[in-house]
Each structure stands twice: as C-alpha cells, then as structure tokens.
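Structure record follows, encoded as structure tokens.
The values are calculated or read from the model by the stated rules, or taken from the named source; none is laboratory data. Because the structure is a prediction, the values reported are computed rather than measured. Cβ placement follows ideal geometry from the backbone for every residue including glycine, while neighbour counts extend to all protein chains displayed. For the accessible areas, the whole protein counts, side chains as well, though only heavy atoms, and no ligand, DNA or RNA atoms are used. Shrake-Rupley method; radii C 1.70, N 1.55, O 1.52, S 1.80 Å.
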Amino acid sequence: MLIDAPKGLKDVVVTTTLIGDVNGAAGYYHYREHDAIELARTRSFEDVWFLFAEGRLPSQDEAALFTARTAALRPLPATVSEVLPAIARSGCTALAGLRTALSMLPSQPMWDAPMSIRKADALKVSAMTPTILAALHRLKLGLDPVNPRVDLSTSANWLYMLTGQDPSTWASRAVEQYLIATIDHGFNASTFTARVVASAGADVVSAVTAAIGTFSGPLHGGAPDRALEALDLIGTPDNIDAWVLERIERGDRIMGFGHAVYKTEDPRARLLKDIAQEQPTRLTEFAVTVERRVTELLAELKPGRQLYANVEFYAGVLMEQCGIPREMFTPTFACSRVVGWCANALEQSEDTKIIRPVARYTGPAPLIR
C-alpha cells in the first residue's frame, strides 16, 4: 500500500540516529548528548570533530593525537593539486570546484569496506576540504595557493590559507565557534542526500559530493552572503520598513530570517550575535538594529509565523568581521558541515537497506497496447 508523505517529507521520520537532534519548539539542538552551543562555547573544533568520528569527547591525550592526525591529512595529493588551476580557470563556483576536486580522491565503496577504512576516508575528505576550497579561491584571484600548516588549528589554518597571514586569536576563535555550531543540524537536505547515497553502498566521497550539490542551493547553505547583501540594500535604519514592506508585497523571502525547524530564536544566531558583539563594528550595530526591526515587522505582518533571525544572518556579519570574502561564506560553512555529512554517511552505511521511496504518477494515462 502506498503512503502519501507531505511535501518536503515534513515531520516524516525516515530512520534513527545517534548523531544528534534538533528541538525546534525549544530552540535547542545537540550533538550526541551534548548541547551544541555549549560545545561551541567551551570546546575546540577538533574535540567536536572527534565526537562525531568516535561518538564521545576525547581525553586530553586523545585530543592531541587526533589534532595532529587530522592536521597531517590537510596537504593534497598531486593528483588533486594538479587539476585545481584548470578548475579555477573554468569559472565555476567554489563549491562546484570542490565537488570536482574531491572526486579525484580514491575512496572505497562503503558496502564492502571495513569501518576503519570508511572512517579513514571520512577524515581525509574532511581534512582536505578546506585546503581545496582555499586553494581554488586564491587561484581564481591569480594568487598561488597557501600550503596548510600543521601547527595551526582547523579554524586558524583556514584563515591562514585564505589570506596567507596569521589570523588574530579572536578571529580564529570566532570562526572556530561558528564551525562547531554548524557541523550538523538534523536531517537537513544535504545530510539526507549524503545518507541516500550511503544507503546505496557508495563511497564516502560520493556521499559528500552529492551533499555539496544540495548544499549549494540558496535555500540551504547558500544564504550567508545573501543575508549580508540585504543589509547592504537596506543601507540605513530609516530604510528598514520600506525595504521589508516591498519584499513582503512581492512575496519574496527575507534572507536571514525564518527557519524550517525553529519556531523560536535560532540558538546559532544568538551565539554568533554574541561573538560578533565582542568586537563590535558599525556593521554589527547595524545588523542588530535591522534584526530588531525586521523581527517586529514580521510579527505584525505575518502573525503566527514566528519568524526570527536564523544562523545565516549573523554568520555573514561575523565572517565579514573576520576578513573572510563574501564568496567564501558558504564554503566556510562547508568546511564544518563536511564533518557532519561524513558522520551521517558512515552511520547510514551500517544499515543494509537502500533508501528507495516511490512517486505517485499523476501524468497522462499510459497508452496500453
């Protein structure tokens, strides 16, 4: 018997997971048993990466070994680095280039690979993703790629590879907290995509590249720069009302506001807002003003919708403060989310049932001969 699912599979439970969950009504999400925001405030990115890889937080010794191991995986093999200039010249986006470059990495089908090999492939993909993205960015600018350093944290190394300069302690920690907060977030579209691919027994690289394709959509990962563009278009506080009213009348989405799961304030937005206000700029102050007024207007014009600032709104503000170019906002997001994609792909790979739903045909009646 066929079962009709709601559009977008809303509220449909498709599997079980040990990785984490999102409580949209309470404005809370967690990784395993740990509050994700608390982890972002108190732990390193490598500690939380270990949690996703091993299912628990590391001891001090384990953390040091894991940090050294993942840092050593950052350099690219020649087969990948050699194709990056051609990819950069193609004019494709950073995420499209990442898909192409990652496809050059050898990766065994998860169907018949032992878990140790699957985990090794996942660490390799996650460690090399920032290196590929930073190299493509610099090559597109006509600059030489900056080789990764093993003595820097994941976040500091990301900023270093983008700019060629040692980042400030504040910027490194700010980006690190952002990365931790965005590793995973329930069964979002890209995570579900990774699990569908993994359910077919495919390799880790295939699961991640498929997830990247989904993630590149502006309704998913591609919104931080668009949210910042909205602040540019508004320009001044006295233009907020007119700008919002015009978009509502046209039926446009206000990028940076509203979320498919949260019916209250997005806890990630609150975290990033707090971090941005540690070293406030004119942009930060303007963003806070815009957020306050847009929230008020949405409450008046769309009563009952509960539309608040989401992670993309303050992500753009914070990354601008840290010197990350706007075209690299979403790629920065990908540098963390790849860890979550890999964890979900590996978890799904332990289930031998392929994900294979059906569609209800509503086209013309078939011509029966």
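Summary of values
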| read-out | value |
| --- | --- |
| Among 347-357, 173-183, 261-271, 104-114, the order from most to least packed when residues are scored by Cβ within 10 Å on average | 173-183, 261-271, 104-114, 347-357 |
| Restraint check, 7/124; 263/302; 10/353; 10/302; 10/263, Cα-Cα greater than 24 Å | 7/124 |
| Of (i) 31, 60, 8; (ii) 23, 52, 22, 2, 0; (iii) 28, 57, 14, 1, the label for P(r) over Cα pairs in 20 Å bins from 0, in percent derived from the coordinates | (iii) |
| Cα convex hull of the stretch 1-151, projected area averaged across orientations, nm² | 13.5 nm² |
| Local electrostatic count at residue 43 - Lys and Arg +1, Asp and Glu -1, tallied over other residues with Cβ under 12 Å | -3 |
| Gaussian network model of the chain, Cα within-10 Å springs - most flexible of 94, 68, 343 | 68 |
| Charge tally in the Cβ shell below 15 Å around residue 359, where Lys, Arg are +1 and Asp, Glu are -1, residue 359 excluded | +2 |
| Rough spin-label spacing in nm, given labels placed 7 Å along Cα→Cβ, for residue 289 and residue 353 | 5.5 nm |
| Stretch gain in nm, segment residue 15-residue 238, where the contour uses 0.36 nm per residue and the Cα spacing is subtracted | 75.5 nm |
| Accessible heavy-atom area order of 57, 102, 9, highest first, probe of 1.4 Å | 9, 57, 102 |
| Volume of the Cα convex hull of the stretch 1-80, divided per residue and given in Å³ | 182 Å³ |
| Alpha-carbon Rg with Dmax, taken over the stretch 226-321, Å | 12.5, 36 |
| Accessible surface of the chain, 1.4 Å probe, proportion on carbon and sulfur as whole % | 54 percent |
| Helix-only mean residue ellipticity at 222 nm for the chain, each DSSP H run of n ≥ 4 adding -39500 (n - 2.57), per residue, nearest 500 | -17500 deg cm²/dmol |
| Surface per residue (accessible, 1.4 Å probe) for the chain, Å² | 48 Å² |
| Most mobile of 129, 193, 236 in a GNM of the chain (Cα contacts under 10 Å) | 236 |
| Unit Cα scatterers, Debye sum, the stretch 84-219: log10 I(q)/I(0) for q = 0.11, 0.17, 0.18 Å⁻¹ | -0.44, -1.05, -1.15 |
| Farthest toward positive dipole pole in the chain [+1 Lys/Arg, -1 Asp/Glu at C-beta], among 206, 259, 123 | 206 |
| Distance between modelled label sites at residue 86 and residue 296, nm, 7 Å Cα→Cβ extension | 5.7 nm |
| C-alpha center-to-center spacing [the stretch 230-291, the stretch 177-200] in angstrom | 25 Å |
| In range of the label at residue 278: residues from the stretch 152-178 whose backbone nitrogen is under 15 Å from the point 7 Å along Cα→Cβ | 155-156, 167-178 |
| Charge sum, other residues only, whose C-beta stays under 14 Å from residue 17's C-beta, Lys/Arg counted +1 and Asp/Glu -1 | -4 |
| Spacing of the two label points (7 Å from each Cα toward its C-beta) at residue 4 and residue 245, in nm | 4.1 nm |
| Accessible area of residue 335 in the full protein assembly, 1.4 Å probe (Å², nearest 10) | 10 Å² |
